[in-house]
Structure formats: C-alpha cells, structure tokens
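The values are calculated or read from the model by the stated rules, or taken from the named source; none is laboratory data. What you see is a predicted model; the values in this text were computed from it and never measured. As a convention, Cβ positions derive from the backbone with ideal geometry for all residues, glycine included, and neighbour counts pool all protein chains shown. Protein only, heavy atoms only, side chains kept; ligands, DNA and RNA dropped before computing areas. Shrake-Rupley method; radii C 1.70, N 1.55, O 1.52, S 1.80 Å.
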Amino acid sequence: MNQGKPGPPGDEPTVRPEAPEGDFELPLPAARAAAPDEGDYELERPQPPAPALPAHGTAPAAAGPGAPDEGTAPLPAADGADGTVASGPGTAARTPAGAAAETSGTGEHPAGPAAAQGGVSDAQGGPASEAGAGAGAGPAEGQVRPLHDPDPYSTPPYGEPGPWAPAPPVQHPGNTPAHGVPGAAPPPVMAAPPPVTDAAPPVPAPAHPDPAATPAADPWGRYDPWAAAAAATPLQQAEPVLEGREQRRGRTRRTLVAGALLLALVSGGVGGVVGAHLERNGGIGTVELPQAARNDAGRDPGSVAGIAAQALPSVVTLHVSGGGAAGTGTGFVLDERGHILTNDHVVQPAGDNGDITVTFHSGDTAEATVVGRDSGYDLAVVKVKGVRGLAPLPLGNSDNARVGDPVVAIGAPFDLAGTVTSGIISARERPITAGGEKGDGSDVSYVDALQTDAPINPGNSGGPLLDTEGRVIGINSAIRSADGSDDPDGGGRAGSIGLGFAIPINQGKRVAEELINTGKATHPVIGVTLDMEYGGDGARVAAEGSDGGPPVTTGGPGARAGIKAGDVITEVDGRRVHSGEELIVKTRAHRPGDRLELTVERDGKERKVSLVLGSSGGG
C-alpha cells in the first residue's frame, strides 16, 4: 500500500479519482501527526464483515464496465450501502474516518516491470505497486513516498496482502515466486484480521516489537530458502522418483538377463561337479543293474554245453619233458585202471626216461608212464597210478560219422586246459601223412582221417572229437597250417584255419587195445614195396625191395594174389587211389586179416584181385 508523502509547504495532496491502481491514502492518527516519521500507526477495526478477498495472485471477477485495466487487481466491493469500495476506476474508497483518499499514481501505468507483467495491486500489498514503479523509470516527480520505512511487520514486498487483508495460506519454501518478482522469506503466520468497514470501533493497538530487538527485514535481501524452511516447515522425507514404463522395462530386462546369466553359471558349475562325481563313482548311491534270475544249470545232453559237461571230467592235460625238449598235449581216460590215450608225438619228447605229468579237470595231478606207442598210427597209451574215481569216456563208432554231423573238440591249445570248440565233420577218409623227421620214414604216420572245421590248435593233439551223444569218434592229431604243411603240432605254431584232422576211433580202439595188451601195435600189410617217386595216377609196385630183396614178398598176400613188379594198383574196395601214400592209408584203416578187393592195371589192362591182409610188427 502506498501513502502520499507530504510535498513542499503550502501544497495539498491532490486526489486522483481516475487512478487505475485503486490506491488511496489513510489519514494519520493523532499520535502519528506529531511525529510523522517515527513508528507506525494503528488502524480502526471495521465492524461489519466483508467478503473474503480472492486467493493470492488470482484476479477477481470483473465488476462491470468500470473494471480496472488488465494487470491491476482492484479491491472487491463490500456488501451494503455503507462502507463499500468502488469497483470502477476513479472511485474513492470509504475510509474509517469517512474521508476520501486520493489514489496514488498519475492515472497511467508505471513503466516498471511489475506493471508490465500484471503486478499485484497495492490493495493486496501496497509495496508491490511501488516496487513495480521503482523497477521501471524510477519515481516521478511529485509521487508520494511511503509513510514509513522499514515495515516492522516484515510485510513482503510483493504478492502478500496488507495489514487489512486476510492472511494468505502458509506456503512451503520450495514454491517458486511469481514471475519477475524476487523471492522473499514468507511472513510469520498471523491470524487474518476481519475486513475493514466504516462502523468498526477503534481497537487498542497491540504492543509494538522493539525496533532495536527485532532487526528490520530487508525486502531486497537475498532469499535464503533453507533458513525459511528451518523456521517455518519441519523436515520431510524425500518422495521417491517415479520411473517411467520404459525405465521399468529396461530395469526388468537387465534384471532378467543378469538372473539368467547367474543361473547359467550356477547350473554349469553344479552340473560339472555332479557330472564329475557321477563319472568317478558311477552314479549316485549304490548301482544295482538288472539281472536275470538264476535258473537250472542243467543243459540238454545233446547240446554243446551238455556234451562238454559230460566229457570234461574225463579229459586230461599232459606236460611232457625230457631229452632237452618239452611239450603239452591232451588225452582222455580209457578205463578206470588209469589208461589214457593220446598221440605218439605228444609223448615223444619223454623218450624212455622223460617225465609225464597228467593234470585232471579237477586240478589234481599225477605222474604217468608210457604203456606203448606207435609212430605209424601216431597213437600212444600212458597210465597213471594211485588215482581213483576216474570216469572213462564212452567210445563211439567212426564208421557212423557223416559229413555235416556236429562235433565237439576238447583240448588244451597253447596250454589252455579245458578248451571246448565245436564244428562239423567236413570230410571222411581223408588220407594224411604226418611226421617224417627221421630220414628213413619210420616216423611217418598214415591216417585215413576225419576232417573237421572245429578249431584245433597246437595243444589239442590227443584230445577227443565227440559226437552229439558225447561219445568219442576221433582223436585230434593234425591241422593244415597256413604254410601248407601237415604237422600234428601245427608246423610253425600256426593257429587253426578250419582244417583239422582226427584219427578215426575205430582205428584208435584197435591200436590202443594192442598197446595196452602187448605194448606194441600190428600193421596190416599187402606184402609189396611201393615206388614213392611215381608221379602217375595210382600206386605202382617198385622194381626192387627196400632192403635189396624182391619187390613182392615171397609167400605174402600180394604174391598169392598174383601181383608183380611194375603193376599199378588203382582202386581199393572200389575207391580210387592216386598215390602210394593213399594206398598205405587205406590199408592201415583195416585190421590184419581183413580181405581187400584191389583193381590192378598191367600193360594197359585192368584186373581185380582179392587178398587177405597180413600183419607186421609195429615200430
């Protein structure tokens, strides 16, 4: 609120009825008239209530055609005929003393920024108009000045009501002041005085604060929001910053990615530890694998397992040593007295004073001695003593064997005792010769053998070849090795190539009986000397005998049948022979005293002759 300042002596204040700001002056109280420049004065309290002023900074509704210019806030009109303030420009307001006051200003808006930006009128805080004018071109000559300076009530310079207006709402220090107005500390909170009216009786003035004790407010000082906040407003917690949708989505994605990476790392580490543990320990806890229930151990007697189960207790392994040589072979039990049949080449290293050890399937061992042996048949019989409970193998009939019949071979190949293999009869009456280390041929064996594809290896020699009834039908003696040689021991220790040969049991039985009974075996003979160098088809009788005598033994079976030197024997019992060896093999397949039917060719003519086989001592 601006009040006119007294001018030069003799001048009276002039009332400006058309002042657009609506300012007016109040008469000085009696106490103030004596000393116009010291202290403040007290206003009379109006009696009738007046409508509340509009909110701070809010322009009131227009009161009609006489409304003030834009940017000037007039005082609102009071209800009733008396004590109202004119709302139009140039209208004087009624004062408590009933005198009309002049409006300040010259009728034109000041050129200061407060007026240009619609500053608050003096009715709501007179200093605003003064500040607005001062901010422009400065005070004009003859302009009234404030009646007092400074204001002891610390009324803010801008935007606050005067001592008449209701107090504005208390505001927090963080709020921004009106545009273009310097910030100021908020005034102390005071009760709003009632509206000013004409009928209000004077009220005793409140005690003033001591100007020396209360420092004067500096309206132009720097605004300190923290000092005001500490004085007027308690501390409050800071409100959280609200995140936008995109920020929340970004933070969620980052959280999910980080969680996924952490989960992958943890899973990989745990998986590696568990995998290593399972690999080292074979799983978690005790491992128990599914297994079929145990069934009856019995097998069909005709199966390989059934045949092996019956025959193995009667098959033995022989370890022979003597004369700087040693060897391993197989044999089988012939009777309960301890006779064992094997090959002659198995026991040959022992000679007359060597050692023979027999190992049974049960693991028991016993010493054995040679009962008899024959290199021409490649058979030998040894005997063990002091052994009880022997189980002889039953003997079959080799004449009943047919090509394709299943067979089982048992032996100790490469000293692997109790080895069982199986196969079939590949051929019958296969003539083979073995041995021949001696230059005179006395150690050559001639065998009309059973051929089998059952695997036979060095060490199988002397073992049984069994039929499906578990009966012996042959004695395994030789194999065809990879180098093409026929050797009972497999030549250069070569393995089986599926060509094994066994002495028929019919021949083995006769020789074994002779060896047990007499210690030697007899050989059936024709009584002729053969030319082993003959390369034609058949067996040719030599021109002279081996010892320088006649090629046909005088008085022998051949001489009695009319065979002469140079004759070629082509068939035996209707079966073709191609060499001298084959003729010997076919002859030794019989017993002495058996009758043979021979086909003899002489001078291009063939004739048949019949003879009874003779006998010769074995060697």
- Query: Just wondering, is there one or more residues in segment 532-555 that are touching a Pro at 6+ places or on another chain (Cβ under 6 Å) and of a type in the set (Asp, Glu)?
  - Reply: yes
- Note on the structure: Residue hits (segment 574-610; charged (D, E, K, R), under 20 Å from residue 503 (Cα atoms) and surrounded by fewer than 19 Cβ atoms within 10 Å (Cβ to Cβ)) are 575, 581, 591, 594
- When (1) modelled with pLDDT of 95 or more; (2) open to solvent by less than 30 Å² (accessible area, probe 1.4 Å); (3) more than 60 Å from the chain's Cα centre (by Cα) are applied to residue 408, the one that fails is (3)
- Item | Count of residues meeting criterion [of a type in the set (Val, Ile, Thr) and exposed (fewer than 13 other Cβ atoms within 10 Å of the Cβ)] in segment 551-566 | 1
- Note on the structure: Of the residues in segment 451-471 that are touching a Pro at 6+ places or on another chain (Cβ under 8 Å) and under 18 Å from residue 344 (Cα atoms), the one that is most open to solvent (accessible area, probe 1.4 Å) is 457
- Query: Among the residues of segment 539-550, how many are farther than 21 Å from residue 431 by Cβ and open to solvent by less than 20 Å² (accessible area, probe 1.4 Å)?
  - Reply: 1
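Answer yes or no: is there a residue in segment 250-271 that is surrounded by 10 or more Cβ atoms within 10 Å (Cβ to Cβ) and modelled with pLDDT under 75.
At the first step, the residues of segment 250-271 found to be surrounded by 10 or more Cβ atoms within 10 Å (Cβ to Cβ) are 250-271.
From the residues that got through so far, the ones that are modelled with pLDDT under 75 too are none.
No.
With a cut-off of at least 2 residues that are modelled with pLDDT of 90 or more, open to solvent by 10 Å² or more (accessible area, probe 1.4 Å) and closer than 22 Å to residue 417 by Cα, name the strands (runs of 3 or more DSSP E) lying wholly within segment 283-342.
It comes to 315-322, 325-333.
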- Task: Taking the residues in segment 375-402 that are out of contact with any helix residue (DSSP H, G or I) (no Cβ under 7 Å at 6 or more places or on another chain) and not in a loop (DSSP other than H, G, I, E, B) as candidates, determine which candidate is surrounded by the most Cβ atoms within 10 Å (Cβ to Cβ).
- Result: 384
